[in-house]
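Let me begin by presenting the structure, written as structure tokens, before commenting on it.
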Amino acid sequence: MILLDFPLYLMETLKCRGSLCGFVVVFMFLTTVSKGSACHAPSTPQCFETKADEFYICEWSMNTTESDVMFDLYFKKNRFRNIKTTWSKIHRDKLNLFTPVDLWVEAHVGNSSCTSTKKSVILSNTVKYEAPQKMSVSWLKSGLKLQWKAVEQNSALAEVRFRRHDEHRTELWENRTTNTTVESSMYHVIVPNLSKHSAYQVQIRHRSTKAHNPLWSNWSPVVMVPAELEQMPGVTVTTTLINGTRKVMLAWKPMPHAVSVTGVNYTMNNTQSSRGCPCAERTQHFKWNKYTTYISYSAANISVIARNTAGYSPLAIIQVPAVPAADLKSCDKTLLDRKLNKQTCLELYDLQDGDSRSENVITLTGRKKKKERVKIRKTVKDYVRYLYFEHRCNGRKPQTVKMCLFYQKEGVPLREPQDFTPSSETDHSVDLSWKAIPSVDQRGFLTHYSLCRVKISSQEEHKDCQNISASLINHRLENLTPGTKYNISLAGVTRVGEGPRVTITINTQPKKPVNVLWSLLFLFGFFFISTVCTFILKRIKNKIFPPVPIPVIQAFTHCQPESQEMLERKEEVHELTLHKLHPECESLPEDAEETTVFRGKWDDGTDEDTEDERGDSRMSGGSSDECLSTDQALRSSKEGEISNLDQVDNEIAMLIYRTGLVFDVKP
């Protein structure tokens with residue numbers, strides 16, 4: 001079509017008619033084609049207003065690999081020559097903006113030339129925006145919000161293309177077209193239905209909605225959109241006390257990859273710095289997932305927030321309470337009425353709620369002007385307890401040098417002790433408990449509690465009072481009278497005076513008699529313990545003083561019984577028969593007769609064989625034999641007595657045991 005239109009264009013340009021003119025035009029056309037056989041015609045130029053300045057820009061394209069291509073741009077009769085690029089910038093004063101003009105471009109490659117098609121346009125109706133620059137992104141509940149600088153105050157039509165960013169695979173682009181909104185000279189677009197947990201690559205282009213012939217702008221640079229920061233940093237805190245200074249080490253886990261594709265920055269803020277104390281570290285920005293800061297002994301709130309190019313994480317707030325000090329005392333003196341140097345900072349925490357992290361903090365620094373210090377000093381209230389801190393700057397680190405409780409002015413307590421109740425009443429004592437007076441109602445330092453008791457039944461109501469430590473909340477009241485009604489009252493006392501009293505009434509139990517059962521049990525236990533002790537003492541005595549052993553009888557020969565009958569045989573007493581001797585035997589010696597009688601008495605229990613022999617001798621009838629036998633027996637007995645004289649003496653001196661009976665043998 002280009003080749004067919006070109007001869008007609010020449011004839012119209014030359015304003016010639018007839019066959020001769022047509023022949024000349026065809027000859028010129030064929031010559032041009034033969035010369036430009038190596039030239040590819042460029043595209044029709046597009047000229048538009050940029051809205052940024054007073055110039056129009058014309059753009060076209062050409063498919064060529066030649067480097068020495070020159071272009072001529074035609075605006076009807078106006079010609080702009082020797083253009084080396086595929087665009088040209090022309091001031092609007094040189095153009096006819098409000099009437100139709102013909103546009104085309106002619107390319108020259110070496111000795112060849114080629115011409116684009118011609119297009120008739122009204123330049124004022126054609127508008128093309130510049131490509132969006134410096135686009136910002138943020139995640140909303142409804143989707144991904146994109147914003148960039150607005151070209152004009154009117155809304156524009158925007159085309160957004162995006163794809164999910166994945167390290168392992170590349171996804172295809174998706175396109176969505178929507179109208180923009182204008183706020184504060186910024187275009188805004190929301191792309192819904194995107195996953196907040198994924199990262200995306202995004203591009204955008206826009207065009208005017210008011211121009212008659214709007215053109216799409218070029219695509220913006222690719223913008224990487226990270227995933228949303230939904231979770232706050234999980235901060236762990238390690239605190240170390242160092243001579244009035246606290247070293248606070250913060251650490252947390254790194255963020256996931258989808259969140260940190262464009263990097264994550266962190267911001268740390270310390271409330272001690274916002275209160276103006278010297279050496280307190282101010283807001284810090286960093287990229288690593290740990291940080292160390294130094295704070296004083298007073299309470300502080302440390303906040304950490306993560307930030308990427310798509311937004312902020314929730315704020316992680318670490319509340320660091322004041323260092324607990326055991327047995328805080330009242331301030332003997334303060335620097336409130338003195339001039340402070342620039343390295344000193346005073347803090348007064350209102351302890352009305354008993355919390356040192358209260359936001360009601362009064363701060364005085366040496367850097368404030370005198371009038372400002374006086375104004376702040378007047379904000380200190382009477383009858384209000386404050387936790388007083390005195391900080392100084394030591395080696396660029398805040399250091400607490402004093403910590404105490406402070407009242408600007410003291411008074412008596414406003415309220416009595418709470419929940420004053422008795423328990424465990426006996427006939428002579430009762431347990432009392434109560435809750436301390438709230439600090440907001442103490443209005444001063446409690447020195448002690450005053451506990452009083454009064455007998456109601458007594459004709460003379462004598463009031464007996466005693467002081468109890470201010471740190472106690474219970475007490476055992478003793479030395480009460482059994483079966484008596486008492487009024488017991490309690491009040492808090494400060495250095496100024498005594499506060500209101502709380503009163504309760506108790507009845508002590510009557511005195512009970514001693515329980516008989518317990519008495520019997522006690523008596524039984526006493527006897528049992530006495531018996532056991534007696535037995536133990538006897539055992540100990542036998543161990544210490546053993547009994548004297550029975551002496552051993554040397555001449556005693558123990559005869560083993562031949563049978564059980566002999567063992568069980570009882571002792572028998574036999575009758576002794578005395579026989580008269582014959583005349584022949586009367587001449588026996590006197591000692592022999594005594595011996596015979598003695599032996600009869602001694603051998604009272606001799607064997608029956610001996611008696612049988614004597615009987616046999618008497619029965620023999622011979623007197624001479626009987627006398628002889630008797631004489632021999634006497635001599636034999638006498639000889640035995642003489643030979644065993646020593647043994648007999650020993651036996652007489654001892655006790656002889658015989659079948660359980662004891663005989664006292666006399667000589």
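Things worth noting here:
- In Å², nearest 10: area of Thr86 left accessible to a 1.4 Å probe: 60
- A Förster radius of 35 Å combined with the Cβ-Cβ distance from Ile504 to Ser471 puts the calculated FRET efficiency at roughly 0.95.
- Dimensionless Rg/Rh of the range 35-124 - Kirkwood Rh, Rg from C-alpha atoms: 0.98
- Inter-label distance, nm, simple model (7 Å from Cα along the C-beta direction), Asn487/Phe98: 10.6
- Efficiency of FRET from Cβ geometry, Glu478 and Phe526, R₀ 25 Å, rounded to 0.05: 0.25
- Cross-link check: pairs Lys119/Lys210; Lys381/Lys463; Lys77/Lys210 evaluated at a Cα-Cα cut-off of 28 Å; pairs beyond the cut-off: Lys381/Lys463; Lys77/Lys210.
- Amide H contacts of Thr334 (H built 1.01 Å from N, in plane; Pro and chain starts excluded): no residue 5 or more places away or on another chain comes under 5 Å.
- Rounded to the nearest 20, the size of the Cβ-charge dipole of the range 90-197 about its Cα centre is 260 debye, with Lys and Arg at +1 and Asp and Glu at -1.
- Restriction of the chymotrypsin sites (Phe, Trp or Tyr not before Pro) in the range 263-326 to DSSP coil positions whose beta-carbon has at most 11 other beta-carbons within 10 angstrom yields Trp288.
- Here, the range 126-224 is characterised by an Rg to Rh ratio of 0.98, where Rg is the alpha-carbon radius of gyration and Rh the Kirkwood radius.
- Formal net charge of residues neighbouring Thr494 (Cβ-Cβ distance under 10 Å; K, R +1; D, E -1): 0
- Loop-located trypsin sites (Lys or Arg not before Pro) in the range 198-266, at most 11 other Cβ atoms within 10 Å (DSSP): Lys210
- Per-atom-type breakdown for the range 84-220 gives carbon and sulfur 45% of the accessible area (1.4 Å probe, protein chains only).
- Among the listed pairs Lys247/Lys375; Lys329/Lys455; Lys378/Lys402; Lys290/Lys368; Lys333/Lys435, those with a Cα-Cα distance over 29 Å are Lys247/Lys375; Lys329/Lys455; Lys290/Lys368; Lys333/Lys435.
- The slack in the chain from Asn301 to Ser185, taken as 0.36 nm per residue of separation less the alpha-carbon distance, amounts to 38.0 nm.
The values are calculated or read from the model by the stated rules, or taken from the named source; none is laboratory data. Since the model is a prediction, treat every value here as computed from it, not as a measurement. Positions of Cβ are generated from backbone atoms using ideal geometry, with glycine treated the same way; all protein chains shown enter the neighbour counts. Just the protein is used for accessible areas: all its heavy atoms, side chains included, with ligands, DNA and RNA removed. Shrake-Rupley method; radii C 1.70, N 1.55, O 1.52, S 1.80 Å.
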